[in-house]
Amino acid sequence: MKLARYTTILVAALLSALALSPAVAVAADWLQFRGSFGNGVAHDSQVPTEWDDERHIAWKAPLPGKGPASPIVVGENIVVTSSSGPQQEMLHVLCLDALTGEKRWERRFWATGRTLCHPTSANAAPTPASDGELIFAFFSSNDLVCLDLEGNLKWFRGLAYDYPKAGNDIGMASSPLVIGDTVVVQVENQGNSFAEGLDRETGLTKWHLDREPVSNWSSPMALRGASPEEDLVVLQSPDGVSTHDADTGEEFWKFDGECSSVPSLVCEQGVLYVPSQGMMALRPASEGGETDILWQASVAPGNASPLIFQDSLFVLNRGGVLTSSNAASGDVQWRLRLGGTFWASPVVAGSHLYFVNQEGKVFIVSTGGSEGEIVSEYELGETVLASPAVGDDALYIRSNGHLWKIAEPSAES
Amino acid sequence: MRGIFCCGVLAIVACATISTAAESQSVDSLLADIQAVGPLGEGHQTAISAWGKLAEMPGLTVPQVLAGMDGAGPLAQNWIRALAATVAEQAMDREGELPADELEAFVRNTEHAPRGRRLAFEYLTRQEPEKRDELLAGMLDDPSLELRRDAVQALVDHAEKLAEQDAQEEEVRKVYEKAFAAARDLDQIEQLAGKIKELGGEVDLPAHFGFVTDWMVIGPFDNTDREGFSKAYPPETEFNPDQEYAGKDGAVKWSPYESTDEHGLVNLNEHLVDEKQVVAYARAEWEIPDATEAEFRWGTVNATKVWLNGEPVAEHDVYHSGSNIDQYRSIVKLRPGKNVILVKVCQNEQTEPWTNRWEVQLRVCDELGTPVGQAP
């Protein structure tokens, strides 16, 4: 029964991939880490490729604390988290007006779990997630806050209350995933290590999986089915990748193999592109079958997650070198040195790739030709660890101090 | 037709009755529903309902909400904090201000929960900034760590102004020393210690923190394949300073170790051996006149087990995953007179340069970070 259903879902995932492909989807929202589709791609958004301070910085809003967490875009709202205080114990959830950058509301909470982290990181490391109606803000201290779009609390869970040894003191960073009525968090560390699915309405635990007690910062992803009910949760850990039922957490498939603990895999048309011994493309096994490893290549991502766009795989290594490979074969197509250390994962807006290194230098790369080309560069002048967000023809980038909106001037201005 | 009309009237009456009943639920009982939230989502359904009712309750004031933090646990306090924010926004929209007198009375009443008072202070001083210095002047020893921090910062600001006005160094230093004595947050303590030293003063950081600095240390014992963490070597069951035991590399014996580090660090690589896959024990005696509840706070990149008077306190089987002062905290009950603290510190097999550290620091303090007890 389980396998039969899984086979159906896999087939559905393949069939539905085209329908859900961001290449044809209209998605002004950017609802979670790496966007609503978890792939970092907003093909329909038109974002400036040459930035001018006067024309293209639509606004720059101050933030109350630090955070590698990316902003998310929910309609006219930009939601971002920060943390502050001597021990990073103050948790902030802010909602800004996408048009003006003005703060619509802010809610603060006290961390209930471990708040220690590396000085370059912050408690506000996981990117919040939304289903378009509710916001789920997660923190390194394993505090999970659910708010509506007006800032009204729905519920608050302190997962370290349930599992006091959850967390590490470098800082946790795995972002939550909203899938159907379930909010999935992956809390893998040397102490209490687990993944959990929580009910979006009540915050009650729907399922709990004990995980290997090993540090892991990668985020859960969704393998989309033909309908939302058939979406699967994909968990990447240092010892492999597995798929799970979103409602029950039941494991459907597992690939045993060494995987990276920082960059997260990307799902595209039923294929998982996994940071494993370099990069590996594999198709989860169907009923009775074996996992189909499509290819394996030595191109290893650094901290930034890989990205698939127009049949190419883009991987940024630790040295700041971007490699474009054929997504079907893994063959390298071209390499391009960007330079610097990157924590932010790249995004695609329109037909360009956007990268931001730790020093706040933005690289805009053309994907159109047979070779990669840096179209333009821009200095934000502040440390950036967060991946950009794309929404409604605008790019949003946050540093520890500010959030920028980059867009073409509106007709009114 | 008449029947339908009667049913309609009954339905309206029923709805009104239900509505009245809902409204008649007191603020206190609804706050109690929120206070009841616990681990694993316990009480969520009821608390969600109560939160919604309170958020829509006309005339509810911020101090009324903040009073709900009294006796509430950290989870419930967060629910109530969010409610206070919503109620404050509604009050500002409706009346343009918050009840300043009530907020001030709330801040001044130390019977209220420290976090609730700090929030009341925040709302009040946002509306009436001139109240800030007046209130903070008396809060250097406030039970709210956050208000205490604000009061220390106010003194720092005052000292800096004095320095700008070319006041005598001694006068400035005395202000810093007063602030230092009250400071409990690591960053403020470090900052103030630096200022005092710059102005020719002295500080005793280990004493200020309450670090244990006088230890007896023994090791190395074997921790190959991390198996030593769960293996009970003789120091866990007996203390004989003259006895030799079989260690990993030969016979081992207790030896005194006095930490001269400002943060009480016990450097085991330096004192014992720079080796991987090893276990050491550090033992200290700690005195206090009366039975007291206190906190053990320790920091280490190594796996540790801690005992007090032979009873296990806590264990963390975690290696090289970050470290800081107060990384681990456990509440303990010290008995009158002599207490014995035992710490087991395990080093693993990792070979990266940043995994070489084999060390621990431990302090004994109250919940605010004020030292409790002393070495004999």
*At what distance in angstrom do the alpha carbon centres of the range B:38-85 and the range B:127-188 lie from each other?*
33
*Between Rg and the Kirkwood Rh of the range B:145-203, both from Cα atoms, what is the Rg to Rh ratio?*
0.95
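What percent do you get for the relative contact order of chain B when only Cα pairs under 8 Å and 6+ apart count? Let's see the in-between values first.
Numbers: 639 pairs, mean separation 45.9, N = 376.
Here the relative contact order equals 12 percent.
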*asked:* At R0 = 51 Å, how high is the FRET efficiency between A:Asp331 and B:Leu368 if r is their beta carbon distance? Nearest 0.05 is fine.
replied: 0.25
*Which residues in the range B:56-81 have a backbone N closer than 18 Å to a point placed 7 Å from the Cα of B:Glu89 along the Cα-to-Cβ line?*
B:56-63, B:65-66, B:78-81
_For the range A:311-351 versus the range A:240-260, the gap between their alpha-carbon centres in whole angstrom_ = 26
*asked:* If I take R0 = 35 Å and measure r between the Cβ atoms of A:Asp311 and B:Glu352 in this structure, what FRET efficiency does the formula 1/(1 + (r/R0)^6) give, to the nearest 0.05?
replied: 0.35
*How far, in nm, would the chain grow between A:Asp52 and A:Glu258 when pulled straight, counting 0.36 nm per residue and subtracting the alpha carbon separation?*
69.8 nm
_Distance between modelled label sites at B:Asp274 and B:Lys161, nm, 7 Å Cα→Cβ extension_ = 5.2
*Among B:Ala182, B:Ala159, B:Ala251, which one moves the most in a GNM of chain B with springs linking Cα atoms closer than 10 Å?*
B:Ala251
*Hey, how many Å between the Cα centroid of the range B:214-252 and the Cα centroid of the range B:273-336?*
16
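When each pair of different Cα atoms in chain A is counted once in the 1/r mean, what is the Kirkwood radius in angstroms, to one decimal?
Working: mean 1/r = 0.0478 Å⁻¹.
Evaluated on chain A, it is 20.9 Å.
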*Considering only Cα-Cα distances, which of the following residue pairs are longer than 31 Å: B:Lys131/B:Lys333; A:Lys66/B:Lys161; A:Lys103/B:Lys53; A:Lys165/B:Lys174?*
B:Lys131/B:Lys333; A:Lys165/B:Lys174
*For chain B, set up a Gaussian network in which alpha carbons nearer than 10 Å are linked by springs, and say which option among B:Thr224, B:Thr304, B:Thr237 fluctuates the most.*
B:Thr237
*Springs between alpha-carbon atoms under 10 Å, Gaussian network over chain A: tell me which of A:Gln32, A:Gln236, A:Gln190 tops the mean-square fluctuations.*
A:Gln190
_How large are Rg and Dmax for chain B when calculated on the C-alpha trace, in angstrom?_
27.8, 101
*Can you give the Kirkwood hydrodynamic radius for the range A:151-229, in Å, rounded to one decimal and based on Cα pairs?*
13.4
*Given only helices, namely DSSP H runs of n ≥ 4 each adding -39500 (n - 2.57), what is the per-residue ellipticity at 222 nm of the protein assembly as shown, to the nearest 500 deg cm²/dmol?*
-7000 deg cm²/dmol
*Work out, in µm²/s and without decimals, the Stokes-Einstein translational diffusion coefficient of the protein assembly as shown at 20 °C, 1.002 mPa s, Rh from Kirkwood over C-alpha pairs.*
74
*Under a plain spin-label model, where a point goes 7 Å from the Cα along Cα-to-Cβ, how far apart in nm are B:Lys53 and A:Glu76?*
3.4
*Obtain the nm distance between the two label points defined at B:Glu190 and A:Gln269 by a simple spin-label model: each point lies 7 Å from its Cα along the Cα-to-C-beta direction.*
5.2
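Each reported figure results from applying straightforward, stated rules to the coordinates on display, with no laboratory input. What you see is a predicted model, and the numbers here were worked out from it, not measured in a lab. In this analysis, Cβ positions are derived from the backbone assuming ideal geometry, glycine residues included, and neighbour counts consider all displayed protein chains.
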